[in-house]
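To keep things clear, I will list the structure first and then write my remarks on it.
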Amino acid sequence: MEKIELIINRKNYAEHAVEKATIEDLQEGEALMEVERFSFTSNNITYAIVGDQIGYWNFFKAEEGKGKLPGWGFAKIIASKSDTVNVGERFYGYYPMGSHLVVQPAKVNEFGFMDGVEHRRPLPPIYNYYTNTKKDAVYTQETEDIQCLLRPLFTTSFLIDDLFADNDFFGSDQIILTSASSKTGLALAHLLKKHKTNSGASFEIIGLTSSGNKDFVNASGYYDSVITYDQYASISQGKASSIVDFSGNHKLQYDLQVHLGASLKYNCLVGVVHWEDLRGEEKLPQKGTFFFAPTYAQKRQKDWGREGFQQKLKDAWNGFIPETSDWMTIETQEGAEKLSDIYSKMLSGDFDPKIGYIIKPTV
Ligand SMILES: NC(=O)c1ccc[n+]([C@@H]2O[C@H](COP(=O)([O-])OP(=O)(O)OC[C@H]3O[C@@H](n4cnc5c(N)ncnc54)[C@H](OP(=O)(O)O)[C@@H]3O)[C@@H](O)[C@H]2O)c1
């Protein structure tokens, strides 16, 4: 039996291929999953950019110098030599961008299982867990594509919003989001706006974006004002400020830090979508604080308990999802060639932020 998989050169991301390979026979305790669909956003490109630092290349083994990019999606068990999972069961989780994954189900219960394969054990558990669709608090069949696209991103936004609320928004009069057109950025702006409405807080939510995406970001209605990168100097200098940086753009960080000076109270570093501009000559006045969703999620799961966490997330999710059709159009692409095309588009940033890409990786 054959599978397809996206294989990337770890030293030159543009060099990639969707390759065919033979699926090896299952060993005792293993199960074979057929990946039905997964999403593709800049977040997946980030897995490559920080693959060596954070260990994203270690989830799915590839030949020396090559990497398999992970994606969030749904898969079903199509063969099993494990007593604990059954053919036909479907799971939401983290899959290699391709058509199949062999897992070693461990810690199995009605809610899901961990892939117990040796090389994944040191990695954050949130990425190794497969959630059974039958017992999943946020699962509905009609929203499968939206779950693939937004569940990991919205969860991140939910956690950043919580961090800010828990710290009295760091005393900010203005919260500046870079790469404001990103789905994670839009979801965070939605949550911050909700907080403002519900609590009467008065901070301004400012979106910074590229000129081509300004109208799109404005139309979302989530930001109080939207400014293009070249206009950053129009941001008020005297107001207590926070940055949530999805861009990772060194020059922009430098410009904003110098412009805001002592008014910058909190600098939250989340993403690196401007991955070709991560370095620069100027020494940054301050480092900022890196935000890593899995670590913060683990803290909140401890604080609130697993069910408490799921309930809060579900409530916030239900308040967001109905609005997403106003600004996001889902486009489904099928097969190896399309997977390769979308990868190139996402890598170059040459895509319409309105589109949410779903891939069906048929062999
Ligand atoms: N730290 C964490 O735990 C965590 C968790 C989740 C997500 N994230 C990060 O948050 C970021 C946003 O992810 P997303 O999936 O929400 O993004 P997305 O929706 O795919 O964002 C698209 C936007 O990113 C910018 N962009 C993308 N590729 C670019 C390129 N090659 N060159 C220049 N600009 C580019 C553009 O925005 P503009 O024109 O507005 O700049 C584009 O509209 C990613 O870096 C992701 O990894 C971090």
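Of the numbered conditions (1) part of a helix (DSSP H, G or I); (2) within 17 Å of TRP327 (Cα to Cα), TYR223 satisfies every one except a single condition; which is it?
It is condition (1) that TYR223 fails.
For the range 158-197, name all the residues that are part of a helix (DSSP H, G or I), touching a residue at least 24 places away in the same chain (Cβ under 8 Å) and among the hydroxyl-bearing types (Ser, Thr, Tyr).
Within the range 158-197, just THR184 meets the criteria.
When you scan the range 52-75, do you find a residue that is surrounded by fewer than 20 Cβ atoms within 10 Å (Cβ to Cβ), among the acidic types (Asp, Glu) and under 25 Å from the mean Cα position of the chain (by Cα), even just one?
yes
Here is a list of conditions, (1) assigned to a helix (DSSP H, G or I); (2) away from the ligand (no atom under 16 Å from the Cβ); (3) touching a residue at least 40 places away in the same chain (Cβ under 8 Å), and TYR139 meets all of them except one; can you say which number that is?
(1)
Being outside the structural domain of LEU101 (by TED's automatic domain parsing) and either modelled with pLDDT under 95 or buried (at least 22 other Cβ atoms within 10 Å of the Cβ) (or both) narrows it down to one of GLY207, GLY171, GLY212, so name that one.
Answer to the check: GLY207.
Of the residues LYS183, LYS194, only one is farther than 24 Å from TYR94 by Cα and outside the structural domain of SER42 (by TED's automatic domain parsing); which?
One residue alone meets the criteria, LYS194.
Filter the range 261-278 down to the residues that are in contact (Cβ under 8 Å) with a residue 12 or more places away in the chain, within 18 Å of THR209 (Cβ to Cβ) and charged (D, E, K, R) and list them by number.
Answer for the range 261-278, where residues must be in contact (Cβ under 8 Å) with a residue 12 or more places away in the chain, within 18 Å of THR209 (Cβ to Cβ) and charged (D, E, K, R): just ASP277.
Any residue that is within 24 Å of LEU163 (Cβ to Cβ) and surrounded by 13 or more Cβ atoms within 10 Å (Cβ to Cβ) - is there at least one of those in the range 331-342?
No, that holds for no residue.
What residue, among those in the range 243-277 that are closer than 29 Å to ASN128 by Cα and among the small types (Gly, Ala, Ser), is nearest to the ligand (Cβ to nearest atom)?
Result: GLY271.
State which residue is nearest to LEU188 (Cα to Cα) when the search covers only the range 298-308 and only residues that are within 16 Å of the ligand (Cβ to nearest atom) and out of contact with any Pro (no Cβ under 9 Å at 6 or more places or on another chain).
ARG300
Is there a residue being within 16 Å of the ligand (Cβ to nearest atom), under 26 Å from HIS16 (Cβ atoms) and surrounded by 14 or more Cβ atoms within 10 Å (Cβ to Cβ) anywhere in the range 278-291?
Looking for residues that are within 16 Å of the ligand (Cβ to nearest atom), under 26 Å from HIS16 (Cβ atoms) and surrounded by 14 or more Cβ atoms within 10 Å (Cβ to Cβ), one finds at least one in the range 278-291, hence yes.
The values are calculated or read from the model by the stated rules, or taken from the named source; none is laboratory data. Here the structure is a predicted model, which is why all the values come from computation and not from measurement. So basically every Cβ, Gly included, is an ideal-geometry build from the backbone, and we count neighbours across all protein chains shown.
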